[in-house]
Amino acid sequence: MPDHLIENSFLQKSSNKIGVLITNLGSPDAPTKSALRKYLGQFLSDKFVIQPPPNRLIWLCILHLVILNIRPAKSAKKYQKVWGDPEDKAPLILLCQDLLEQLKKHHFSVDNKFEFALGMRYGNPCISSALEELRGKGCDEIIVLPLYPQYSKTTTASTFYEISEITNKWQDVPEILLINDYHSNNAYIDTLAASITQFQNLNGVPDKLLISYHSIPQRYVNKGDCYYEHCQTTAQLLVEKLQLNNNDYEICFQSIFGREKWIGPNISDILANLGSIGTPHVQVVCPGFPVDCLETLEEIDMENREIYLENGGSKFHYIPALNMQKLHVDFLLKLIQEQL
């Protein structure tokens with residue numbers, strides 16, 4: 001790792017201007033086949049996301065000749081369900097921008113001046129433009145906060161690699177601190193638990209709480225990706241905080257596709273079973289998604305809701321992501337301040 005990138009350590013000097021780069025996965029520019037083709041092409045050609053057998057050329061041929069001629073149309077239909085005004089931006093982008101505005105409103109009780117920017121790993125606004133924005137504002141130190149509580153090479157490491165590739169081309173490189181993860185941060189667990197409790201105070205306590213995470217291929221875990229372990233740790237700390245019994249909850253994974261083995265169990269299978277055995281009330285929370293996106297708004301709250309109800313279930317709730325809740329904003333500000 002280049003010397004100017006510091007992982008999990010304090011910034012080594014004080015600064016008059018500190019940049020804070022908030023990053024997330026990203027979304028297509030529009031809910032259309034052409035926009036999805038461009039977005040998925042960038043996403044699925046990332047060597048951190050797709051770790052194929054040694055011959056990468058074969059994978060790229062499959063991607064451009066087969067996958068990008070089939071999948072964009074299917075994905076566009078999913079995005080259209082949650083997009084709203086086609087002239088607007090994707091829900092993830094709008095929510096991240098709103099979150100950024102909330103963070104900007106806060107005045108830190110320190111002498112340093114903070115500048116905030118938003119950059120997506122794929123699509124717009126991109127990480128490159130966000131870093132240039134912070135550099136243009138004279139930030140000689142930059143804190144990078146990926147909105148991925150649980151570390152994975154497919155998300156966090158990919159983001160750090162992109163930042164390194166960009167800043168290595170600069171002549172005057174600011175000191176950059178990378179926040180690896182916050183999967184076991186006590187304040188994060190407290191924030192999650194408080195959000196769930198607030199929701200249940202209004203909507204009741206379910207017979208089963210499903211704690212769902214985005215899945216990754218099992219072989220990634222076998223090769224040393226700590227993501228699965230982080231998911232389990234977050235869930236167990238959350239369960240302890242909520243004082244749940246073993247029968248009150250289940251840990252599961254979503255977005256599983258293809259023939260390869262992915263980490264599980266699959267939430268769709270669990271919901272089908274819960275519906276078939278007559279479990280009256282199910283709630284789903286997704287601690288790996290601090291901001292709502294296609295995987296929560298469409299996959300969980302639409303597709304998986306339908307699976308549960310079609311199999312005999314009665315009452316389904318998706319507990320929204322933390323988004324712009326004050327307790328989420330306060331936690332992120334605290335996490336940023338802890339780096340000083």
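Results, tabulated for the structure shown:
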quantity: Failed criterion for Leu242 (all others in (1) more than 16 Å from the chain's Cα centre (by Cα); (2) buried (at least 17 other Cβ atoms within 10 Å of the Cβ); (3) under 19 Å from Asn323 (Cα atoms) hold); calculated: (3)
quantity: Filter result for Val66 (touching a residue at least 12 places away in the same chain (Cβ under 8 Å) and either over 21 Å from Trp262 (Cα atoms) or outside any helix (DSSP H, G or I) (or both)); calculated: no
quantity: Which numbered condition Tyr249 fails, given (1) surrounded by fewer than 22 Cβ atoms within 10 Å (Cβ to Cβ); (2) touching a His at 6+ places or on another chain (Cβ under 6 Å); (3) modelled with pLDDT of 95 or more; calculated: (2)
quantity: Output for the range 158-185, where each listed residue is within 17 Å of Gln42 (Cβ to Cβ) and β-branched (Val, Ile, Thr); calculated: Thr159, Ile163, Ile166
quantity: Residue count, the range 230-279 (criterion: free of Cβ contacts under 8 Å to residues at least 40 places away in the same chain and among the hydrophobic types (A, V, I, L, M, F, W, C)); calculated: 5
quantity: Test: residue in the range 168-182 that is closer than 30 Å to Gly312 by Cα, crowded, with 17+ Cβ neighbours inside 10 Å and either in contact with a Pro (Cβ under 8 Å, 6 or more places away or on another chain) or touching a residue at least 60 places away in the same chain (Cβ under 8 Å) (or both); calculated: no
quantity: Residue in the range 190-208 that is in the same structural domain as Cys293 (by TED's automatic domain parsing), surrounded by 22 or more Cβ atoms within 10 Å (Cβ to Cβ) and among the aliphatic types (A, V, I, L, M) present; calculated: yes
quantity: Hey, Ser128 in contact with a Gly (Cβ under 9 Å, 6 or more places away or on another chain) and at pLDDT 95 or above or not; calculated: yes
quantity: Within the range 303-340, tally of residues that are more than 23 Å from Lys113 (Cβ to Cβ), over 19 Å from the mean Cα position of the chain (by Cα) and of a type in the set (A, V, I, L, M, F, W, C); calculated: 3
quantity: Filter pass, Lys89 being part of a loop (DSSP other than H, G, I, E, B), at pLDDT 95 or above and among the basic types (Lys, Arg); calculated: yes
quantity: Unmet requirement for Ala235, which otherwise passes all of (1) within 25 Å of Ala272 (Cβ to Cβ); (2) loosely packed, with under 14 Cβ neighbours inside 10 Å; calculated: (2)
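The values are calculated or read from the model by the stated rules, or taken from the named source; none is laboratory data. This one's a predicted model, so the numbers in the text were calculated from it and none came from an experiment. Reconstructed Cβ throughout: ideal geometry from the backbone, glycine too, with neighbour counts over all protein chains shown.
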